[in-house]
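A quick write-up on the structure given underneath.
Just so you know, all these numbers are worked out from the coordinates, no wet-lab data involved. The shown structure was predicted, so the numbers you read here are calculated from the model rather than taken from an experiment. Virtual Cβ from ideal backbone geometry, glycine too; neighbours counted across all protein chains shown.
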Amino acid sequence: MSITEATAADNGVDVAHLMHAREAMTATPAAAQFTFTANNEWVRGTHSRTSVKDFFGVGAPQSHRQTYSVDTDHPEVFSSADNGPTPPEMVLIGLAGCLTAGVASVAQNRGIQLRSVKATVEGNLDLAGILGIDPEVRNGFGGIDVSYEIDADATREEIEAVVAQSQKRSTVFDVVTNPTNVTVKVV
Amino acid sequence: MQSTTVTIIGAGQAGLAMSKCLTESSIDHVVLERSEVANSWRSERWDSLRLLTPNWLTRLPGFSYRGDDPDGYMTAAEVATFLSDYRRAIDAPVRTGTSVESVAAGPDGYVVTTDQGPIGCRSVVIATGACSTPKIPAIAADLPPHIRQLAPIHYRNSSDVEGRVLVVGASASGAQLADELARSGAEVTLAVGEHIRLPRTYRGMDIHWWMDTLGLLDDRYDEVEDLARARRLPSLQLVGTPEHRTLDLNALQESGVGVVGRLVGVDGHTAQFSGSLANHCASADLKLGRLLDEIDDHARTRGLDPEVAPADRPAATVVPTPRNTLSLDDFSTVVWATGFAPNYPWLDEHLLDRRGAIVHDGGVMSQPGMYALGLPFMRRRKSSFLDGVGPDAQDLSAHLMNHLDEHASRRR
């Protein structure tokens, strides 16, 4: 790592801490095992509320500073009350948040000062899937397009490399692009 | 130009059943066959394939199974012989080695152009079968070149396949091929999506006996709730063997078959499998449970309980924690047991939907005097079964005769 360049940039990411965590978790793999938990409760109609507070990691129970709640619903075009983003939009929110956190971290690590980072995430959905109109149309997004507009002290190639590395290390990018076993049970 | 009243295309069970119905009504017709009678059964089925339905459930118009093993399952070769015998018994006017090139409007109704010349007719029945052209998903093109790709109609026996095999699809064909390959010692992985799980026997009786007894096979196309879905249901996860054995994911796993989720993508040399396996298995178990409940209710209300064995419900499907990715470098072969696609290059596009399937209402096509026969759930759940095409042929021949009468009265 180039210390001189890294110290020159300040994107607000504590890279030293991340590097320390990486060393510690290499030595103690159990500490790297995290479980995130979201609790969802139906409100009415298509409206529900999901909260996150506690999670597990670094070998012990952990908590956010406070409970964060998100209301999700369907929009008025579906005759719903529109009390929040749709669940698929939450996926786009998750992807955008994850990739941008990665852009800031990777840029910091590479000593690249960011001035502005803006992303637009578009998910294309054909409702023929979820409405059961056409079995060959998937329920999920047919495709997701992300456009980054980044102003930074770096060449275009360097910025593209940061964005590429961010995808390579992104949890949500992996969740969206690769299959995950999902087990749903009624307790 | 030669002429006849009705041209039937295809001399399998559907074409022959229609021929029998027309002969009974003294309607002049020909049956065109690209190869020979029961060609698919002769040349497009693997060696060990047997029918999913027991022999007694083989009732064609004027001809039924008469062998000494009513509870057994015919091999493909036996089906071919059975249909050849049927053809002789009903004296069907079959023209073998005659390929259809087009069907067009003609002076008297239609002109069917064949490689042996054109035939003028007033009515056309398309009975080319539903299981001739494999449906291969688009991701097949993404497989690395070292992978040998095979559809069940090209598979003969386990000596055709060497090395590690990925079988895609867990309906009858996929489950049976995975089973046969695993038993021959091959290392087999089965990609499982939506499937219909059934025990071969329940309470001592063949599952098809129960379905026939409950009338499920007679469910009608105009009464079923979601016809489009009913028509595209995967085939039953069953095998017909002399031992009457059950072929489900538990049995396959006991035979050493590795089970993964639906194949959803290929990324370089990595195959990706859906994480929905647990849900697909749970859904199949729930659906099976509902069927067995229905059977038990029927047995109780009809007083069958003393006559049949006690309830012997199969155990829930054991769902492994499946791999979501596998390196295709370790595989030599992919078998696409992913169903069949419609294939009517000789039909006008306006008779087909955007996927190339014939548009019809219970076999009656939009063009008056044109009919389809033998397609899945065409008029009944059993429409594409050997035992089910007969009632459909009777219904449609009645409709066809009305058409001929109207045609005649218009001309008078």
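Structure above, values below:
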item	result
Candidate lysines - alpha carbon under 26 Å from residue A:53, same-chain residues fewer than 8 apart omitted	A:185
Likely footprinting exposure, B:213, B:53, fewest C-beta neighbours within 10 Å first	B:213, B:53
Candidates B:14, B:77, B:104, ranked by Gaussian network fluctuation over chain B, Cα under 10 Å, top entry	B:104
Three-way shape call for segment B:6-73 based on the alpha-carbon gyration tensor, with the a/c threshold at 1.5	oblate
Counting DSSP beta bridges with both ends in the protein assembly as shown, the antiparallel % (nearest 5)	65 percent
Radius 12 Å from Cβ of residue A:118, net charge of other residues (Lys, Arg +1; Asp, Glu -1)	-1
17 Å Cα-Cα reach of residue A:168 towards aspartates and glutamates, excluding residues that sit fewer than 8 places from it in its own chain	A:145, A:157, A:158, A:160, B:267
Average silhouette area of the protein assembly as shown, convex hull of alpha-carbon atoms, in square nanometres	36.1 nm²
Angle between chain A longest axis and helix A:87-109 axis [Cα atoms, degrees, rounded to 10]	0 degrees
Spherically averaged projected area in nm², based on the convex hull that wraps the Cα atoms of segment B:226-320	9.3 nm²
Those aspartates and glutamates that a straight Cα-Cα span of less than 13 Å connects to residue B:135, excepting residues fewer than 8 apart in one chain	A:136
Cβ-based charge dipole, segment B:246-394, positive-most Cα from B:351, B:378, B:311	B:351
Rounded to 10°, Cα long-axis angle of helix A:156-168 versus longest principal axis of chain A	60 degrees
Check: segment A:76-143 dipole with +1 on Lys, Arg Cβ and -1 on Asp, Glu Cβ, in debye	620 debye
Mean shadow area of segment B:134-336, taken as a quarter of the surface of its Cα convex hull (nm²)	12.3 nm²
Chain B: Cα Rg divided by the 2.2 N^0.38 Å rule of thumb	1.03
Assigned charges on the beta-carbon of Lys, Arg, Asp, Glu; the protein assembly as shown dipole about Cα centre (debye)	560 debye
Charge sum, other residues only, whose C-beta stays under 11 Å from residue A:37's C-beta, Lys/Arg counted +1 and Asp/Glu -1	0
Cα long-axis angle, helix A:15-27 against chain A (0 to 90 degrees, to the nearest 10)	80 degrees
Taking B:365, B:74 and counting other C-beta atoms within 10 Å, the order from fewest to most	B:365, B:74
Chain A: radius of gyration and largest Cα-Cα distance (Dmax), Å	19.5, 59
Local electrostatic count, residue B:189, Cβ distance below 10 Å [Lys/Arg +1, Asp/Glu -1]	0
A:173, A:56 arranged by Cβ crowding within 10 Å, fewest neighbours leading	A:56, A:173
